[in-house]
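Asks: Here it is, the structure, as structure tokens.
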Amino acid sequence: MKYFHLIWAALFRRKTRTFLTLASILAAFLLFGMLDGIRSTFAQLGQNADGAQRLQTTSRLSMVETLPLSLEARIRRIDNIEAVTWANWFGGAYQNPRNQLFTFAVAPNYLDLYPEIEVEPAQLEKWKATRNGMLVGQQMMTRFGWEVGQTIPLQSTIFPNSDGTLNWAFEITGVLRAKDSKSAGFTEALILMHYGYFEEATPYIDDSVGWYISRVSDVNRSDAAAKAIDALSQNSPHETRTMNEQAAMAAQLKQMADIGLIVGSIMGAVFFTLLLLTGNTMAQAVRERTSELAVLKTIGFTSHSVLAMVLAESVLLVVIGGVLGLGLAAVLGPVVGTLSNGAINLPPIGWRSWTLGLGLMAVIGLLVGALPALRAMRLNIVDALAGR
């Protein structure tokens, strides 16, 4: 701290260059804050189901493997299980195969387990009475300009119907709306069809379902209920894995891609670029101050003092930008969730992310400052003052 005023003055000697470098560091750690929160969340999900009102049971092997429909009655008899429903992925597309829609074939009681989703009672009864009826989220209704009562052609990307084609036709009998903004992003993008009609129309589904959803009575014993469900099919051809819904979604994403590897690769590329950029900035700053550093040595500063000052300047530059970036990530996380109506829920920046972030700032600062600092330490006074 004795020479802090000298370090601060040197850091902002070229204000424009310093602020542009700070902006780059800020952007890198803003990205780090958001991605590291996602990575840590994926790593922690599924460790314990306690606290979850709903449990999702899928095949332990893969999310595309189905489970026997007979398992539903056995799950229902487990202690603490209040209600059970099931669903199957349909893989619908509208007009263009690129217009992939979240289309599920569901049991008649599916919405009973989702009180956050509301449908007008008359529309719900109409859906239950219509064999090829479907309930469509408000976002989908607005996006495609659909109306209740309209018959919509959908193309399944997976399942053919009874005539052997992938073309299906459904009647819109109601609209799905979210009761709160937190679940609006996903809920209002859903399309629900009858599992019974789906099973009858396609030859590939025979008394089997994609996954089960169970509601527990006591959320403090959810993990015990999850383990009891999995014990039902242990050592059988259809072993299951039961988790809370967030963990189940994360597990499905992990089967499609290694989230940790993706995040790590992105951050590795970002920080490598940051090393090059900040290292060039520090090298240029030290070159410009060669004569000034020589004067400091002339008036009594030791070589090690000059080394420490240049390293401190480098670390301070990265720490300022990094703290601003992580702070901005902490602020923007909830904002992104609000603006997306719950479709994107970024976890808060925890102490682990702050600790890791500060450690990275210190390491990057020392790395980018090492070569310029060594050059300053070895500086020959006569050569520096002579301009050689």
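The values are calculated or read from the model by the stated rules, or taken from the named source; none is laboratory data. What you see is a predicted model; the values in this text were computed from it and never measured. Glycine also receives a Cβ, built like all others from the backbone with ideal geometry; neighbour counts cover every protein chain displayed. The area values use the complete protein model at the heavy-atom level, side chains included, leaving out ligands, DNA and RNA. Shrake-Rupley method; radii C 1.70, N 1.55, O 1.52, S 1.80 Å.
Asks: For the pair residue 206 and residue 234, what calculated FRET efficiency results from E = 1/(1 + (r/R0)^6), where r is the Cβ-Cβ distance and R0 = 30 Å, to the nearest 0.05?
Replies: Efficiency for this residue pair is about 0.80.
Asks: Could I ask something else about it? Rounded, prolate or oblate: which fits segment 64-208 when a ≥ b ≥ c are the square roots of the eigenvalues of the alpha-carbon gyration tensor, with rounded for a/c under 1.5 and prolate only if a/b beats b/c?
Replies: Oblate is the answer for segment 64-208, as a/c is 1.5 or above yet b/c matches or exceeds a/b.
Asks: Please give the length that would be gained between residue 124 and residue 157 if that part of the chain were fully extended, namely 0.36 nm times their separation in residues minus their C-alpha to C-alpha distance (nm, one decimal).
Replies: Going from the current span to full extension adds 9.2 nm.
Asks: For the chain, what does the accessible surface come to per residue with a 1.4 Å probe? Please give it in Å².
Replies: For the chain, the per-residue accessible area is 50 Å².
Asks: Relative to the compact-globule scaling 2.2 N^0.38 Å, provide the ratio for the alpha-carbon radius of gyration of the chain.
Replies: The chain yields a ratio of 1.39.
Asks: Compare 71, 277, 61 by solvent-accessible area with a 1.4 Å probe and give them largest first, with all protein chains kept in place.
Replies: 61, 277, 71
Asks: Enumerate by residue number the trypsin sites (Lys or Arg not before Pro) in segment 68-123 meeting two conditions: DSSP loop (anything except H, G, I, E, B), and at most 16 other Cβ atoms within 10 Å of the site's Cβ.
Replies: When the trypsin sites (Lys or Arg not before Pro) of segment 68-123 are filtered for loop state and at most 16 Cβ neighbours within 10 Å, 77, 98 remain.
Asks: Where the accessible area of the chain is counted over protein heavy atoms with a 1.4 Å probe, how much of it, in %, is carbon and sulfur?
Replies: For the chain, the apolar C and S fraction of the accessible surface comes to 59 percent.
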